[in-house]
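Student: Sharing a structure here in C-alpha cells format.
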Amino acid sequence: MKYLIVANWKMNPASRKEATALWKNISAESAKNTEVVICPPYPFLSLKKDLKDKKLILGAQDVSADVSGAHTGEVSASMLADTGVKYVIIGHSDRRAKGDTNEVVNKKILCALKAGLKPIVCIGENTRDDHGFYLHFIKTQIDECFRGVSKAQLQDITIAYEPIWSISTNPNAKEDTPSDSLEMSIFILKTMSDIFSTSAAKDVRIIYGGSVNEKNAESFLLHGGVSGALVGRASLDAKKFIKIINSAK
Ligand code: PEP
C-alpha cells in the first residue's frame, strides 16, 4: 500500500493567486511513490485541471449528505466526482463542531461511495481520560459512521485518526506521540475487524492527523502504525509539506 499524504487547506489560502503558487510549488517536488492528495476550498478545485497537473490528486473537504434538491450551499458527491475529485474528507472535527453527527457522517460516506469517491473519514476524541472512556467514544464513532458500508467498499475507505486535542488550531493543542497513534491504529483495526471481519478490515487504510509537521512526520509514519498523514497547518507551507511528503519515501 502506498503512503497517503493529505493536505487539508481548510479555508486557505486567501486568494486564487496564492493557491496557484502553493499548488505549483508542491507539485514540482511531489514524490512518485506516495499518493499526495490536495483538498483545497471548493472554488480552487479547478486548479488541477487549469494547471494540467498530473501529479497531485484532487480531494474535497466535505460533501453533502443528500443527493440533489433544495440544499442551498451544499455540493453533492456526484458533482465532486464530475469535477475530478477522487477523495473527500468526511467528519472532520471542524464539520462535527458545526453539527455533523455520526448519522450525518454515515449518510455522507454512503453518498460518496455511491458516486465513486474515496472517503477519508475523520474520527477522534476531544479529550483523553485515565479510564479509557475515549476508547468507547471512538468505538461508537466507528459503529455509527460505517453502518451500511459493505466489506467490498472498505478498500476505498481511509480512516484518519485525529485526536481533536492535538489539532494545531485548538488553543491548547498538544502533540500526540507515535506510540499513542500505534495503540489507536490497533484499536481501530480491531474495532473494524469485529464489525466486518479481520480480512476485510485489513483493506482499510488508517492515517494519522493532528499537528503533523516536517519534524515529526517520519516518526509517525515509521512508528505510529499508520500508512499516511492528514496535514492541516503544515500543508500551507510548500517547503514543510514537501518535507512531510519526502518522509514517506
Ligand atoms: C486537521 O485539522 O485535520 C489537522 C490535522 O490540522 P493540523 O495539522 O494543523 O493539526
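Student: Under 7 Å between Cβ atoms, at least 6 apart or on separate chains: pull out the pairs that start in segment 42-64 with a residue that is closer than 23 Å to residue 2 by Cβ and in contact (Cβ under 8 Å) with a residue 60 or more places away in the chain and end on any residue that is in a strand (DSSP E or B) and open to solvent by less than 20 Å² (accessible area, probe 1.4 Å).
Tutor: 59/6; 59/37; 59/38; 59/39; 59/87; 59/88; 59/89
Student: When segment 175-191 is examined, which residues are found to be within 11 Å of the ligand (Cβ to nearest atom) and open to solvent by 30 Å² or more (accessible area, probe 1.4 Å)?
Tutor: Kept after step one, since they are within 11 Å of the ligand (Cβ to nearest atom), are these residues of segment 175-191: 175-176.
Correct list: 175 only.
Student: Kindly list, by first and then second residue, each pair from a residue in segment 167-180 that is among the aliphatic types (A, V, I, L, M) to a residue that is part of a loop (DSSP other than H, G, I, E, B) and open to solvent by less than 40 Å² (accessible area, probe 1.4 Å), limited to pairs with Cβ atoms under 7 Å and residues at least 6 apart or on different chains.
Tutor: 167/210; 167/211; 167/232; 173/167; 173/211
Student: Looking at 64, 78, 46, can you tell me which residue is of a type outside the set (Phe, Trp, Tyr) and touching an Asp or Glu at 6+ places or on another chain (Cβ under 6 Å)? Walk me through it before giving the result.
Tutor: On the way: 78 fails: touching an Asp or Glu at 6+ places or on another chain (Cβ under 6 Å); 46 fails: touching an Asp or Glu at 6+ places or on another chain (Cβ under 6 Å).
After ruling out the rest, the residue left standing is 64.
Student: Inside segment 192-233, can you point out the residues that are in a helix (DSSP H, G or I), free of Cβ contacts under 8 Å to residues at least 60 places away in the same chain and within 16 Å of the ligand (Cβ to nearest atom)? If you could, list the steps in order and put the result at the bottom.
Tutor: Start the filter on segment 192-233 by keeping residues that are in a helix (DSSP H, G or I), which leaves 192-195, 198-201, 217-223, 233.
Subsequent filtering for residues that are free of Cβ contacts under 8 Å to residues at least 60 places away in the same chain retains 192-195, 198-201, 217-220, 222-223.
Within segment 192-233, 217, 218, 219, 220 meet the criteria.
Student: In addition: Could you grab the pairs with beta carbons closer than 8 Å, sequence gap of 6+ or different chains, first residue in segment 119-136 and open to solvent by 10 Å² or more (accessible area, probe 1.4 Å), second one in a loop (DSSP other than H, G, I, E, B)?
Tutor: Short answer, once both residue conditions are applied: 128/163; 134/125; 134/127; 134/128.
Student: Do we have residue 105 as farther than 12 Å from residue 65 by Cβ, open to solvent by less than 20 Å² (accessible area, probe 1.4 Å) and away from the ligand (no atom under 12 Å from the Cβ) here?
Tutor: Values: farther than 12 Å from residue 65 by Cβ: no; open to solvent by less than 20 Å² (accessible area, probe 1.4 Å): yes; away from the ligand (no atom under 12 Å from the Cβ): yes.
No.
The values are calculated or read from the model by the stated rules, or taken from the named source; none is laboratory data. Just so it is clear, the model here is predicted, and its values are computed rather than measured. Backbone-built Cβ (ideal geometry, glycine too); neighbour counts: all protein chains shown. The protein model used for the area step is the full one, side chains on, heavy atoms only, and it has no ligands, DNA or RNA in it. Shrake-Rupley method; radii C 1.70, N 1.55, O 1.52, S 1.80 Å.
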